[in-house]
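Have a look at the structure below, then the notes.
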Amino acid sequence: MPTYNFSAGPAVMPKPVIDQIQAELPSFQDSGMSIMEISHRSQLFEQVINDAEQDLRDLMQIPDNYRVLFFQGGGTLQFTAAPLNLATAHHHIGLLDSGHWASRAADEARRVATQVDILATGADNHFTALPQLQGPVDQNLDYVHLTTNNTIEGTMYTKLPDTGHVPLVADMSSNFLGQPYNVTDFGMIFAGAQKNLGPAGLTIVIVRDDLIGHAKDLPSMLDYQLFAEKQSMFNTPPVFAIYAAGLVLKWLKAQGGLAAMAQRNQEKAARLYDFLDQSQLFNNPVKHSDRSTMNVPFMTGDPALDAQFIAGATDQGLLNLKGHRLVGGMRASLYNAMPLAGVDALVDYLATFEATHAKGVLN
């Protein structure tokens, strides 16, 4: 019986990439050393990291005036690093509060003495719809923070807010490389790798040249300018995670790039949403126009029945469907590496479960 991993992260990776890692693990490039053993200063790894950066630039069409930096610490570390590096003129940022991770970003910015203006919030509708700007943005803000995809709540921005000349800083952790955006619409993009790019342990930062180098006396591991000058080699980078991400980037190129991948993701999500919209048992609470193609929360409204569904799904090889503790219910994450067959298997099980249980619930 096939198994399908619907985890929100660390998430499913492409099978060809897993197979290649397995084959190369004992001796990378016939060196006699595993990728986990080679020096980050070696020519072998220099080729790995350079190829990864170039493939990322090709896929996202990243202009030359943007730096690509390889960090550790997850996307959460960038909640601190971004204001330290970019909020240097006024120590004052704006933020669209679209859910848990946006709120966490606001909290971390305040910890480093940055004033945070909540420009709009989805709290009133329990984050089932995206907050939108209702007027012009104060042009004295250092930047505006946006979470492009909300992993827990299941919402995603496809149309970006107009912030005027204020740079837009995007946490793209959960739809990075799954939904194409124009890099030049942002001052900075950051993303943890463990959704669409590879294993946990790597974070990508893409930042415009003119925005860095203004902060003074930063901790070295949080200094974008220092990492840019050292080509992300200030200390030992996450060698294995960068290697694995590089393989995923080559796989993405072979799949036709981001536009082709986004089309597939839309098809997968549509299959699941179409079932949920006609279901008499399961419900997706998110506003239709704001729905994510990456993370789909759903529930029956009965926690005991939800638990029964999750247990039965696990028995069918449909893994990690339990919803986040803040929302409950179920959540299916449909990242790039999730095949359409996995979504079809989930929809088939949803239909079977509903046929068995809906009558009793509705009565």
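Give the residue that is nearest to the chain's Cα centre (by Cα), with candidates limited to residues of the stretch 265-283 that are among the aliphatic types (A, V, I, L, M) and in a helix (DSSP H, G or I).
Here the answer is Ala269.
With the checklist (1) more than 30 Å from Ile152 (Cα to Cα); (2) open to solvent by 80 Å² or more (accessible area, probe 1.4 Å); (3) in contact with a Leu (Cβ under 8 Å, 6 or more places away or on another chain) in hand, flag the one item Thr3 doesn't pass.
Failed condition: (1).
Open to solvent by 60 Å² or more (accessible area, probe 1.4 Å) and of a type outside the set (Lys, Arg), is that true of Asp30?
On the way: open to solvent by 60 Å² or more (accessible area, probe 1.4 Å): yes; of a type outside the set (Lys, Arg): yes.
Criteria met by Asp30.
Yes or no, residue by residue, for (1) β-branched (Val, Ile, Thr); (2) under 30 Å from Ile21 (Cβ atoms); (3) open to solvent by less than 50 Å² (accessible area, probe 1.4 Å):
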{"site": "Phe190", "(1), (2), (3)": "no, yes, yes"}
{"site": "Ala193", "(1), (2), (3)": "no, yes, yes"}
{"site": "Ile206", "(1), (2), (3)": "yes, yes, yes"}
{"site": "Tyr243", "(1), (2), (3)": "no, yes, yes"}
{"site": "Trp251", "(1), (2), (3)": "no, yes, yes"}
{"site": "Arg264", "(1), (2), (3)": "no, yes, no"}
{"site": "Leu276", "(1), (2), (3)": "no, no, yes"}
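Does the stretch 284-303 contain at least one residue that is exposed (fewer than 15 other Cβ atoms within 10 Å of the Cβ), touching a residue at least 60 places away in the same chain (Cβ under 8 Å), assigned to a loop (DSSP other than H, G, I, E, B) and on the phi > 0 side of the Ramachandran plot?
So far as the stretch 284-303 goes, no, none of its residues is exposed (fewer than 15 other Cβ atoms within 10 Å of the Cβ), touching a residue at least 60 places away in the same chain (Cβ under 8 Å), assigned to a loop (DSSP other than H, G, I, E, B) and on the phi > 0 side of the Ramachandran plot.
Given the conditions (1) over 18 Å from Leu84 (Cβ atoms); (2) assigned to a loop (DSSP other than H, G, I, E, B); (3) open to solvent by 60 Å² or more (accessible area, probe 1.4 Å), report the number of the one that Thr184 does not fulfil.
Only one criterion in (1) over 18 Å from Leu84 (Cβ atoms); (2) assigned to a loop (DSSP other than H, G, I, E, B); (3) open to solvent by 60 Å² or more (accessible area, probe 1.4 Å) is unmet by Thr184, namely (2).
Only one of (1) under 20 Å from Met233 (Cα atoms); (2) touching a Ser or Thr at 6+ places or on another chain (Cβ under 6 Å) fails for Ala8. Which number is that?
Of (1) under 20 Å from Met233 (Cα atoms); (2) touching a Ser or Thr at 6+ places or on another chain (Cβ under 6 Å), only one is false for Ala8: (1).
Of the residues in the stretch 26-68, how many are of a type in the set (Phe, Trp, Tyr) and touching a Lys or Arg at 6+ places or on another chain (Cβ under 7 Å)? Write out each step before concluding.
Filtering the stretch 26-68 down to residues of a type in the set (Phe, Trp, Tyr) leaves 28, 45, 66.
Now restrict to residues that are touching a Lys or Arg at 6+ places or on another chain (Cβ under 7 Å): 66.
Total meeting the criteria: 1.
Inside the stretch 40-133, counting only helices (runs of 4 or more DSSP H) that do not spill past its ends, which hold 1 or more residues that are acidic (Asp, Glu) and open to solvent by 60 Å² or more (accessible area, probe 1.4 Å)? Even if it seems obvious, please write down each step before you answer.
Working: elements: 43-60, 74-86, 100-111.
Here the list reads 43-60, 100-111.
Please find, among Leu146, Leu160, the residue that is open to solvent by 10 Å² or more (accessible area, probe 1.4 Å) and modelled with pLDDT of 95 or more. Steps first, answer last, please.
Numbers: Leu146 fails: open to solvent by 10 Å² or more (accessible area, probe 1.4 Å).
Result of the check over Leu146, Leu160: Leu160.
Is one or more of the residues making up the stretch 168-177 at pLDDT below 95, surrounded by 18 or more Cβ atoms within 10 Å (Cβ to Cβ), touching a helix residue (DSSP H, G or I) at 6+ places or on another chain (Cβ under 7 Å) and within 24 Å of Ser333 (Cα to Cα)?
No: zero hits.
So that you can scan it fast, the table gives a plain yes or no per residue for (1) within 14 Å of Ile49 (Cβ to Cβ); (2) assigned to a loop (DSSP other than H, G, I, E, B):
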residue: Gly135; (1), (2): no, yes
residue: Gln139; (1), (2): no, yes
residue: Thr163; (1), (2): no, yes
residue: Gly178; (1), (2): no, yes
residue: Val207; (1), (2): no, no
residue: Asp217; (1), (2): no, yes
residue: Phe227; (1), (2): yes, no
residue: Asn235; (1), (2): yes, yes
residue: Ala241; (1), (2): yes, no
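The values are calculated or read from the model by the stated rules, or taken from the named source; none is laboratory data. Keep in mind that what you see is a predicted model, and the values were worked out from it rather than measured. Virtual Cβ from ideal backbone geometry, glycine too; neighbours counted across all protein chains shown. Heads up: the accessible areas ignore ligands, DNA and RNA and are worked out on the full protein's heavy atoms, side chains in. Shrake-Rupley method; radii C 1.70, N 1.55, O 1.52, S 1.80 Å.
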